[in-house]
Amino acid sequence: MDDIPPYPPIDPTTFDLIVIGTGLPESIIAAAASTASKSVLHLDPNPFYGSHFSSLPLADLPSFLSSHSTSPSPPRSPSSDDPNDFYLLEFATRPLYSSIDISTFSPNLLDQHSRKFNLDVAGPRGNLWSVPDSRAAIFKDKSLGLVEKNKLMRFFKLVQGHLAGEQDVKISEEDLQSPFVDFLNKMGLPPKIKSFILYAIAMADYDQEDAGVCRDLLKTKDGIDQLALYNASIGRFQNASGVFLYPIYGQGELSQAFCRRAAVKGCLYVLRMPVTALLVDKDTGCYKGVRLDSGQDIFSQKLILDPTFMVTLPLGSSPPLPLKEKLPFFSLKDDKGKIARGICITKTSLKPDISNFLVVYPPRSLFPEQVTSIRLLQIASNLAVCLPGVFVLYISALCNDDDQGKKLIHAVMNTLLTVPLDSESNAAVQSETADFGSAVQDETSESSSGCPSDSGEEKPTLLWSALYSQELTLGQVDFICSTPMPDGKLNYNDLMDTTFKEIYPEEEFFPETSLENPEGDGDASPET
């Protein structure tokens, strides 16, 4: 029994594509490549699917965040002491989470039922004011005056006519290329309605009226496209009245669904399999394969990397010229910022009559220095993510650094929740945003969000929370590709088919199949 290797050998040893990590982007690519008849090996060092898009039990989330928050060890020089014609470039892991703060205020309740929670690592992907997003909702909304309702109705009618191709109401090309906020001002919409449209429907991240802080100015064309998507999503399913759908058991199920799809098409899966090094041809400097923790070498034409991994050379090393020319392709691009995330568990809903809903705090709505939108998604037990009678809140906001991120998350928590003061750190959290109190009460009258305490409702009490900052990394495409980290958006548009089309431009991304002529294995392709 002693001579049995810790990992069984993988056979075959050559594939068209090796994918490391089972996050959603990697799982989609694996499924699409398998559908295109590519041989795929899908590896993950974790014992579960999903990676940074996973849904984890309550007890497992802190250890996952901590394991990805340490700085990588310095890489060793590329080794050429190999019987084959390869250099070995060791993989390093990069810290993707920081400023992790876990607080428990009801340990007995949560410890006993930890496995009944499915908490999304990536956060949301869904008196508080409702957004009037349809003709019926506009007429029923009591917070809008008659003049405001008429202006909003005229605006929606113009947009619908433009999307329908009516020439007499078509928006000019000049207006389409102008900032969306300027177009809304041109339409004479008041601040409250502009806030609804920009941040609760078009989902703008930054303050669109302050060019000095806005990193992503929304054009009218893109804003109209967002309105069209929003309108097409309302009432699409009879039992879902809003525009968002949320996976039962958490969004980690999406990665698993695409992995199952890939497995049906012949993809080989191996979990708990660390990958230690990159195999590089000594003569050409080209990628050849990877070395597994078991010592086995696996070869492929292309490689997809989870954003956790990076390949760098140590300072002072002098690689051969062919390898030096290829190194830029092996290193991940710089981060594009951070996103602050908070996960809170409460025993009562923020709104007594609603279980699952999305809250958006527009820029400047909580305190004057808030330059980004803050989104909060409340999920209940009917989506199998928590105990009955318990609610999970996901809070997220783009930020420049850890301190700014925590300030944004704490402002929302102190506005909506009662945070128990049983430690000095919690007292500091309360006092940090205490000076925002008056601003919160006054500013929210011009936003699409409000505070339960404004209407005399008692704030929900916080039972547990996890606050952390996540790096926003860019993907990279070549014969070695790295996938991006979860972003701050509520959809998956930036994760879908771009990478696949660039690595396999000749292949169709999930070709549609008719029900009359199903594929041989009886598995229908998802709609694109």
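The values are calculated or read from the model by the stated rules, or taken from the named source; none is laboratory data. Quantities reported herein were computed from a predicted structural model and do not represent experimental measurements. Every residue, glycine as well, gets a Cβ built from its backbone with ideal geometry; the counts of neighbours run over all protein chains shown. For the accessible areas, the whole protein counts, side chains as well, though only heavy atoms, and no ligand, DNA or RNA atoms are used. Shrake-Rupley method; radii C 1.70, N 1.55, O 1.52, S 1.80 Å.
Ignoring ligands, DNA and RNA, what percent of the 1.4 Å accessible area of the range 135-233 is carbon and sulfur?
Here carbon and sulfur together make up 52 percent of the probe-accessible area.
Along the Cα→Cβ direction, 7 angstrom out, place labels at S178 and F244. What is the inter-label distance in nm?
3.2
Students often get this wrong: which residues of the range 355-383 have the backbone nitrogen under 14 Å from the point 7 angstrom along Cα-to-C-beta of D210?
It comes to 362-374, nothing else.
For the pair S66/L474, report the inter-label distance in nm, with labels modelled 7 Å from Cα in the Cβ direction.
Distance between label points: 3.4 nm.
My understanding is that a pair violates if its Cα-Cα distance is over 20 Å; which of K221/K501; K151/K186; K194/K221 do that in this structure?
With Cα atoms farther than 20 Å apart: K221/K501.
For the range 40-51, in order, what is each residue's ³J(HN,Hα) by Karplus, 6.51 cos²θ - 1.76 cosθ + 1.60 with θ = phi - 60°, in whole Hz (x at glycine and Pro)?
10, 10, 10, 10, 8, x, 7, x, 9, 8, x, 6
So for each of 92-104, 209-221, 267-279, 368-380 I average, over its residues, the number of other beta carbons within 10 Å; can you give me the resulting order with the highest mean first?
Order by mean packing, descending: 368-380, 267-279, 92-104, 209-221.
So which of K265/K288; K192/K459; K149/K219 end up more than 27 Å apart, counting from Cα to Cα?
Table pairs above 27 Å Cα-Cα: there are none.
By the scheme Lys and Arg +1, Asp and Glu -1, what is the net charge of all other residues having a beta-carbon under 14 Å from that of D210?
That works out to -3.
Starting from the Cα-Cα distance between D293 and R236, subtract it from 0.36 nm times their residue separation and give me the gain in nm to one decimal.
Result for the pair: 15.8 nm of gain on full extension.
Accessible area per residue, 1.4 Å probe, Å², for the range 135-233: what's the number?
Accessible surface, normalised per residue, equals 53 Å².
Taking H placed 1.01 Å from N in the peptide plane, check which residues at least 5 places from T418 or on another chain put their amide H under 5 Å from its amide H.
T461, L462
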